[in-house]
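Asker: Following this message is one structure expressed as structure tokens.
The values are calculated or read from the model by the stated rules, or taken from the named source; none is laboratory data. Computed from a predicted model, the values in this text were never measured in an experiment. For neighbour counting, all protein chains shown are included, and Cβ atoms are generated from backbone atoms with ideal geometry for every residue, glycine included. Note: accessible area is taken over every heavy atom of the protein model, side chains too, but ligands, DNA and RNA are not part of it. Shrake-Rupley method; radii C 1.70, N 1.55, O 1.52, S 1.80 Å.
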Amino acid sequence: MILSTEIETNRLVLRTLDQKDATQTYLSWLVDPEVNKYLEIRFANTKTLKNLKTFIKTMNDSPDNLLLGIFIKKTSQHIGNIKLGPIVYEHQRSEIGFLIGEKSQWGKGYACEAIAELSEYAINDLGIVKLTAGCYESNTGSRKALIKAGYTVEAKLPSYVISDGNRIDSYLFGYQK
Ligand SMILES: CC(C)(COP(=O)(O)OP(=O)(O)OC[C@H]1O[C@@H](n2cnc3c(N)ncnc32)[C@H](O)[C@@H]1OP(=O)(O)O)[C@@H](O)C(=O)NCCC(=O)NCCS
């Protein structure tokens, strides 16, 4: 089954991206060191519009992934993305990952709102029972957004990632109703 949806939240629309959404602005988030600091995308050698379009198509064609753009409802501004995947249907389990690329929109509760609503959608509409998310120890914004959305720390992974040249811990967050 190909996954595609549009979820309306209080202030946001979370919807499947199309090729037109692969803009220079979206690309600029991925190369911004302040934004990609905690994202594995920072290790990708080539970050181009062509790659972005291929990524969107691959995600849209995948039965195990749901990539959604995060749009402000009032203005239709694309401010970030949230992804559910890979979905492991056999275990009714999935991971979530997210970014708010527009730095002017940080701290407004948008990440929390998107995480909470996509988690509900995963549980109610896709039959997922268990959700997880990874978060670097130093990523305060992500940690707070996950906790506010109802996630709890289920494991500490010591010395798990390299951040700013140092080995640091990562947290595995989990959510289950
Ligand atoms: C981390 C990120 C998703 C947070 O998004 P956001 O929409 O600003 O998050 P929220 O507004 O829901 O914030 C939740 C809390 O974190 C705080 N916060 C947000 N960014 C913060 C930062 N850089 N430093 C400290 N606190 C921060 C908010 O003030 C809020 O605090 P409160 O609960 O005390 O009010 C966003 O900054 C981002 O996308 N960063 C780059 C990519 C990334 O790190 N993605 C997550 C990978 S796990």
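Asker: Suppose we filter Lys108, Lys83, Lys74 for residues that are under 20 Å from Asp21 (Cα atoms), among the basic types (Lys, Arg) and within 15 Å of the ligand (Cβ to nearest atom); which single one remains?
Answerer: After ruling out the rest, the residue left standing is Lys83.
Asker: Check Gly150, Gly174 and return the single one that is of a type in the set (Gly, Ala, Ser) and in contact with a Lys or Arg (Cβ under 8 Å, 6 or more places away or on another chain).
Answerer: Details: Gly150 fails: in contact with a Lys or Arg (Cβ under 8 Å, 6 or more places away or on another chain).
Matching residue, one of Gly150, Gly174: Gly174.
Asker: Tally time: how many residues in region 130-154 are away from the ligand (no atom under 11 Å from the Cβ) and of a type in the set (A, V, I, L, M, F, W, C)?
Answerer: Result for region 130-154: 2.
Asker: Just for strands (runs of 3 or more DSSP E) wholly inside region 102-177: which have at least 3 residues that are open to solvent by 70 Å² or more (accessible area, probe 1.4 Å)? Please lay out each step first, then the result.
Answerer: On the way: elements: 130-136, 152-163, 166-175.
So the answer is 152-163.
Asker: Another question, if that's okay. Are any residues in region 88-101 surrounded by 22 or more Cβ atoms within 10 Å (Cβ to Cβ) and more than 8 Å from the ligand (Cβ to nearest atom), and if so, which ones?
Answerer: Those that are surrounded by 22 or more Cβ atoms within 10 Å (Cβ to Cβ) and more than 8 Å from the ligand (Cβ to nearest atom): Ser94, Ile96.
Asker: Counting only residues that are open to solvent by less than 20 Å² (accessible area, probe 1.4 Å), give me the strands (runs of 3 or more DSSP E) lying completely in region 1-84 with at least 3 of them. I'd like the intermediate steps shown before the answer.
Answerer: Details: elements: 6-8, 12-16, 66-72.
Passing ranges, in order: 66-72.
Asker: Further question: For a quick check of your reading of the model, give me the residue pairs whose first member lies in region 107-135 and is more than 12 Å from Thr9 (Cα to Cα), whose second is polar (S, T, N, Q) and more than 16 Å from the ligand (Cβ to nearest atom), with beta-carbon atoms closer than 7 Å and at least 6 apart or on different chains.
Answerer: Listed pairs, sorted by first residue: Gly127/Gln92; Ile128/Gln92; Val129/Gln92; Val129/Gln176; Lys130/Gln92; Lys130/Gln176.
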